[in-house]
1. Out of the residues in the range 4-29 that are part of a helix (DSSP H, G or I) and among the aliphatic types (A, V, I, L, M), state the one that is farthest from Asn307 (Cα to Cα).
2. Between Leu59, Leu74, which is modelled with pLDDT under 90, crowded, with 19+ Cβ neighbours inside 10 Å, touching a Leu at 6+ places or on another chain (Cβ under 8 Å) and of a type in the set (A, V, I, L, M, F, W, C)?
3. Output the residues belonging to the range 30-56 that are open to solvent by 30 Å² or more (accessible area, probe 1.4 Å) and either acidic (Asp, Glu) or assigned to a helix (DSSP H, G or I) (or both).
4. Could you check the range 366-398 and list, in sequence order, the residues that are touching a Lys or Arg at 6+ places or on another chain (Cβ under 8 Å) and of a type in the set (Phe, Trp, Tyr)?
5. Across the range 360-382, which residue is nearest to Leu271 (Cα to Cα) among those that are open to solvent by 50 Å² or more (accessible area, probe 1.4 Å) and of a type in the set (A, V, I, L, M, F, W, C)?
6. Pairs only if they're at least six apart or on different chains, beta carbon under 7 angstrom, first in the range 26-54 and among the charged types (D, E, K, R), second modelled with pLDDT under 95; list them, first residue then second.
7. Hey, can you tell me all the residues within the range 149-180 that are among the polar types (S, T, N, Q) and at pLDDT below 95?
8. Met278 fails exactly one of the following numbered conditions: (1) buried (at least 21 other Cβ atoms within 10 Å of the Cβ); (2) under 23 Å from Arg89 (Cβ atoms). What is the number of that condition?
Amino acid sequence: MMSTLSRFFEKLAPPNIYDAVYSFATEEMNTLNLPSAVLQKKGMSIRLASFFFWFLKDLGQSRGGPAKLVNAELKNKVVFFYSSINEKRALEDLGRCVPNGITIAGQIAEPNKISFLIPNLLGLMYAPWVFFQYLIASGHRKKSFSFALDQYMFSCGYIVYLRFMLARNRPALVVVSNDHSMLSRTFALACRELQVPVAYVQHASVSEKFPKLMFDYAFLDGVDALEKYQKKGLGDCVVFLAGISKLDQTLRQLSNLTLVRNCISICPNDLDEVDPVMAAAKYILEKVGNAFTVCVRPHPGDTRRFNEWRQKSLQIGVTYSAPEVERSTDLIIKSAIVIAADSNILLEAALLKATPICMPFKGKILDHYGFIRRGVVFYADNPVDLINGLDGAMQRTDFYTASKYFSHSVGTGSEGRSAELIGAALTALAEKKPVSSAWRPCAKNVFEVT
């Protein structure tokens, strides 16, 4: 009896909120200094009001059939969890390759979405404890409450909810594709506490600001990600250098010689300001004439500005690619040239044999991912330099080979088969069996595709 009560109260313990909400709580991530257009509105009262807004919204409507997610559907399954469009697209092909797989979503509206009503209700109960943490905090952590009080409160209720749900219906393996967002990270933390194995699959290139790998298994795109994570320490994580699985289908399309690639795609990220991007798009459109069409595609996470991007694209006469509808790969396959600042879409362009051009729309490029340093992209300082160097950039063929450092399957017999190989490995790991001979050891606890 005492043992049962002890386990019950252990499940009610709040998490390390600074670990759960890593993006805001960790100064190295620099999240609090992002442009105001990207950040949530600042202020303790505003963040508290945000928490109640979502709580009341969940209270007033059904959000994903929570009954399904506390039944035996998760038991002994490979659970793929995602909380954004990019994460979903990184995992959906893998889910089709795992016979025992099931997908569940957080945050984005999906039929299989976790209901956040119970986590929000539980989070409200932890509000006094969270406010006490604010009172004893200092420096960056204290400042972070003005941006993430609602996330700190929610993470407390969310992890308690997950502990009970996962303890009742233990998956064989959980797969996430984000290592620093609150929803995915808290899900992984709950799994680790309950000794449910967790695998991580990259959804985009990584920077050295990302946290230490906290997973049992990590399927990394290439050597670049491995070296960055090694600086933080791999611990007991088993790493597989797998290539980028979400590109498999599009790589196979490249063999279609009838493809028409006559688009210049301009792909700002969620940190870029709208007007400088539009000024660059307008200039490029004027200079290329009828040789190319010009298209603007914002980052899928920039949902608050979708309408602004769409309207201003139409105003200057360029086409608009809706990221919530059109996958980045579907746009790239139509593109001769892809232009972006610090964005992972440039790597996708290089791998899919479009000409990747890195150009700052305003300010300077920090080269967070190392694409300039590694020769994956052509760099232009401004639209004038871009137009002047366009012919030379398009004649180069070395961008694809340089991308090997970021996608390990380039030039191997496994290229275009990453999803199939990762899916087979996940199935084996869930069943506690060895992975196939398609993976060979290349260092301690590190395997690579052959």
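1. Leu5
2. Leu74 is the lone residue from the list that is modelled with pLDDT under 90, crowded, with 19+ Cβ neighbours inside 10 Å, touching a Leu at 6+ places or on another chain (Cβ under 8 Å) and of a type in the set (A, V, I, L, M, F, W, C).
3. Asn33, Met44, Ser45, Ile46, Leu48, Ala49, Phe52, Phe53, Trp54, Leu56
4. Phe378
5. Here the residue is Leu366.
6. Within 7 Å, the pairs are Glu28/Lys209.
7. Asn169
8. Going through (1) buried (at least 21 other Cβ atoms within 10 Å of the Cβ); (2) under 23 Å from Arg89 (Cβ atoms) one by one, Met278 breaks only (2).
The values are calculated or read from the model by the stated rules, or taken from the named source; none is laboratory data. A quick note: this is a predicted structure, and the numbers were derived from the prediction, not measured. All Cβ positions, glycine included, derive from the backbone under ideal geometry; neighbour counts span all protein chains shown. Surface areas here come from the heavy atoms of the whole protein model, side chains and all, with no ligands, DNA or RNA. Shrake-Rupley method; radii C 1.70, N 1.55, O 1.52, S 1.80 Å.
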